[in-house]
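*Asks:* Starting off with a structure, shown below.
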């Protein structure tokens, strides 16, 4: 790396591409930056390790998606990384900042929350919109208000509702899933059969074992509760995701669901079905726990979770949408600064007493 | 007793229990600065001086504080810009160390005698007072309701309380008995220990069991329990009967040992037990060393300044020093040897990390229990915007939200930052240590506090002036 370094210096030939070089350089090697202020030794945790933990945690979901829906998932992932990465790099160059690791997670999560049969150009449009409007216009990772991947998904859900609700793929069976099928760039034939949530509206509940293992129709990464719990618990154990958010969502979601079922047993599904179907688990463990777009105060995270869980239930059963996780979390993102403000106000009173 | 937050970085190079006696050096270098205060010399160039005689003095409320000579010898004054900043003491065989103060029984000493003797023996500045926010005044009117003796110094790696206790047991027990002489009527002394089951703690219990004014407070071994403001707050919180005007003094076990040696045996402060630790130290250990000994002697022959940095103090608060120029001060109890960062590790963030230990259990050392031996002066990452992970809030011992403070200070909103407790920051450095985005929080907070202080002073001066003008009219 040191050999080609001069090319990217102040008067080097490739100077405008410096952020790409810097990102690659610091990605491969630990940067040679020394501490300038006490404490002179630092904890080894850094944003790269942090983000790589998140990616490790989502890996089981990616693999189950690959197994059930075939190599196309990998293709979607590549498209997402290339299209979204281009936007990120473009902005890093114009802003003269470093390329941020946060994108690696956004690009990884995005295909997993899309229907596996979606045309690839739509994946590209979605991620470009998500990264551009959801993140870059606010100043990049750490300054964004909305979860970029969810903004992209929300855009697709509103812009192309027909495709988004009919691009499901029947999951492959034992032993090879869809892996034996080979890759096809073109979208597979639209399947008329529906996801468990759609079927449930007709009164037909999918078997719990299928919901748990994931051989059902649904968004690429969200079908298998088992894989999500594996990764989600890993993140909780590592201390990367906050248990307050997770607990808040699951409790309010299950609680409100149970309460409403007591009132309207015909209309509301049982709690186990609510929890295992749709994107609620994936959203809980991997999307809502995104620290940047949630409240930044510790106490606020619980309220944030409760808000998201409740809104999800309400959207699912009292609106035209089949699933409400995307919009619930985006709404939660909007409310996060407000929740923070409330927490900060109460803290200010406490500090005043302490003085 | 509980403290909020806190965290103990597990790093390699913990000093062993042994305390090595280092021989008296031919030359001792005594810096005339203590507790941020410049002392003025009271000796002349070339003067021969006895052990324990004052080298320099500083006038405070109610008397003079002295720096006693750690050895007998011949004085050379070193000047910088016309001000004497350092005294070089040439020690020689013929000068003998001896007892120079009167010995007292704890029951037979007056308040006045305790104060003046401790001030002359260079021990008074070991006390910290919640009233002055620094060295207490020598006036008899300042009497603490509680004196806190802390034997838990958690920061890696300060001289361990247990090592000091074992080494200077008699002086410490003796020293504690003098404390009621300084306290207000019905005052108490709190001893801070790690846990009651500890054999050393138990021995202290049984030896001091008869004193009704003595309390024992076990605390968890977490940095920063030794922090003065944190301790003060915890003591006040534990006993709700404390009023705001009740004064708390804090002293560590080495200070108490010095009191015992001074009042009981007539010896002023002349030595310090210093912890030499850290991954850059070949033989992590404690040494007992004469004040003024050059750090070069402590570092040993093998020391190389290009590969190792020496910090005065522990990992979180230590400041870089130069072994050629610096020497052991009256208040020193630790030098940390931190390797300089040299190599750039390939794909460091993907490695299991058997030799890395973090606040998040995301390295393999979590399973093996290994200490962090890879820690260097490297930042171990890059500066990034805050990702709101909340680690700083979890560790903050003052119960603050450093991420919010940072957000306010990022846009220079000082008033908002003050409202969310900037002035309550105890400057422990933990938030900066754990930050994955490597934000220089401590530096930012200290700078902002200073700025706020200046603004307040200015505002005060302005109100005074307007008041004056109005009364003049």
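*Asks:* Mind computing the radius of gyration and Dmax over the alpha-carbon atoms of segment B:261-383? Å is fine for both.
*Replies:* 17.5, 60
*Asks:* On to the next question. Between residue B:83 and residue B:319, what FRET efficiency follows from the Cβ-Cβ distance if R0 is 35 Å, with the result rounded to 0.05? Numbers along the way, then the final one.
*Replies:* Values: r = 22 Å, r/R0 = 0.62.
For residue B:83 and residue B:319, the calculated efficiency is 0.95.
*Asks:* Given the rule -39500 (n - 2.57) for each run of at least 4 DSSP H residues, summed and divided by the residues of chain A, what is its mean residue ellipticity at 222 nm, to the nearest 500 deg cm²/dmol? It would help to have the intermediate numbers written out before the result.
*Replies:* Details: 14 runs with 204 residues, N = 355.
It comes out at -18500 deg cm²/dmol, rounded to the nearest 500.
*Asks:* Continuing with the same structure: What does the average come to when, for each residue of peptide B:423-435, you count the partner chain Cβ atoms lying within 10 Å of its Cβ? Let's see the in-between values first.
*Replies:* Numbers: counts 2, 3, 0, 0, 1, 1, 4, 2, 0, 6, 6, 4, 5.
Per residue, the average neighbour count from other chains is 3.
*Asks:* Using only the Cα atoms of chain B, build the gyration tensor, take square roots of its eigenvalues as a ≥ b ≥ c, and label the shape rounded, prolate or oblate: rounded if a/c is under 1.5, else prolate if a/b is larger than b/c, else oblate.
*Replies:* On the way: a/c = 1.36, a/b = 1.17, b/c = 1.17.
Rounded is the answer for chain B, as its axis ratio a/c remains below 1.5.
*Asks:* Still on this model: Classify segment A:194-322 as rounded, prolate or oblate, taking a ≥ b ≥ c as the square roots of the eigenvalues of its Cα gyration tensor: rounded when a/c is under 1.5, otherwise prolate if a/b is larger than b/c and oblate if not. Intermediate results must be reported in sequence, preceding the final value.
*Replies:* Working: a/c = 2.17, a/b = 1.36, b/c = 1.60.
Judged from the Cα gyration tensor, segment A:194-322 comes out oblate (a/c at least 1.5, b/c at or above a/b).
*Asks:* Can I ask one more? First obtain the Kirkwood hydrodynamic radius of chain A from its Cα pairs, then insert it into the Stokes-Einstein equation at 4 °C and 1.567 mPa s, and state the resulting D in µm² per second as a whole number. Walk me through the numbers before you get to the answer.
*Replies:* Working: Rh = 21.6 Å.
Using the Kirkwood radius from Cα pairs, D works out to 60 µm²/s.
*Asks:* Find the centroid of the Cα atoms in segment A:19-70 and in segment B:1-41, then give the distance between the two in whole Å.
*Replies:* 37 Å
*Asks:* Testing the spin-label approximation: label points 7 Å from Cα along Cα→Cβ at residue B:4 and residue A:75. State their distance in nm.
*Replies:* 5.5 nm
*Asks:* At q = 0.11, 0.22 Å⁻¹, work out log10 I(q)/I(0) for segment B:30-109 with the Debye formula, treating every Cα as an identical point scatterer and leaving solvent out; two decimals please.
*Replies:* Each listed q maps to, in turn, -0.34, -1.03.
*Asks:* Continuing with the same structure: What is the projected area of the convex hull of the Cα atoms of segment B:96-176, averaged over all directions, in nm²? Present the calculation step by step, with values, prior to reporting the outcome.
*Replies:* Values: hull surface 28.8 nm².
Result: a mean projected hull area of 7.2 nm².
*Asks:* On each of the three principal axes of the Cα atoms of segment A:41-125, give max minus min coordinate, whole Å, ordered largest first.
*Replies:* 47, 31, 15
*Asks:* Report relative contact order for chain A in percent, whole number only (criteria: Cα-Cα under 8 Å, sequence separation at least 6). Before the final figure, lay out the partial values.
*Replies:* Numbers: 536 pairs, mean separation 58.8, N = 355.
Once divided by the residue count of chain A, the mean separation gives 17 percent.
*Asks:* For residue B:166 and residue A:29, FRET efficiency with R0 = 35 Å and r from the beta-carbon atoms, rounded to 0.05? Each step should come with its number before you reach the end.
*Replies:* Details: r = 46 Å, r/R0 = 1.32.
Efficiency for this residue pair is about 0.15.
*Asks:* Give me the one-decimal nm value for the distance between modelled label points at residue B:90 and residue A:158, 7 Å along each residue's Cα-to-Cβ direction.
*Replies:* 8.6 nm
*Asks:* In percent, how large is the relative contact order of segment B:154-266, given Cα pairs closer than 8 Å and 6 or more residues apart?
*Replies:* Working: 99 pairs, mean separation 48.8, N = 113.
Here the relative contact order equals 43 percent.
*Asks:* Classify segment B:318-410: rounded, prolate or oblate, from the alpha-carbon gyration tensor (a ≥ b ≥ c, eigenvalue square roots; a/c under 1.5 rounded; otherwise prolate if a/b is larger than b/c)? It would help to have the intermediate numbers written out before the result.
*Replies:* Values: a/c = 1.73, a/b = 1.14, b/c = 1.52.
Oblate, since a/c reaches 1.5 and b/c is not below a/b.
*Asks:* Follow-up question, since we're still on this one. Could you tell me the center-to-center distance, by alpha carbons, between segment A:249-264 and segment B:323-368 in angstrom?
*Replies:* Here the answer is 49 Å between Cα centres.
*Asks:* Still on this structure, I have one more. Could you work out how far apart the two model spin labels at residue A:331 and residue B:364 are, taking each label as a point 7 Å from the Cα in the direction of the beta carbon, and quote it in nm?
*Replies:* The modelled label-to-label distance comes out at 4.7 nm.
*Asks:* Would you work out the relative contact order for chain B, in percent, from Cα pairs under 8 angstrom that are 6 or more residues apart?
*Replies:* Numbers: 962 pairs, mean separation 88.5, N = 473.
With pairs under 8 Å counted, the relative contact order is 19 percent.
*Asks:* Quick check on the protein assembly as shown: what does the Kirkwood estimate of hydrodynamic radius come out to from the alpha carbon pairs, in Å? List each step's numbers first, then the result.
*Replies:* Working: mean 1/r = 0.0328 Å⁻¹.
Across the protein assembly as shown, the inverse of the average 1/r is 30.4 Å.
*Asks:* Okay, moving on. Quick check on chain B: of the DSSP beta bridges with both residues there, what percent are antiparallel, nearest 5%?
*Replies:* Numbers: 43 of 65 bridges.
Bridges in chain B are about 65 percent antiparallel.
Bear in mind that the values in this text are calculations on the coordinates, not laboratory data. Fair warning: this is a prediction, and the values are worked out from it, not measured in the lab. Backbone-built Cβ (ideal geometry, glycine too); neighbour counts: all protein chains shown.
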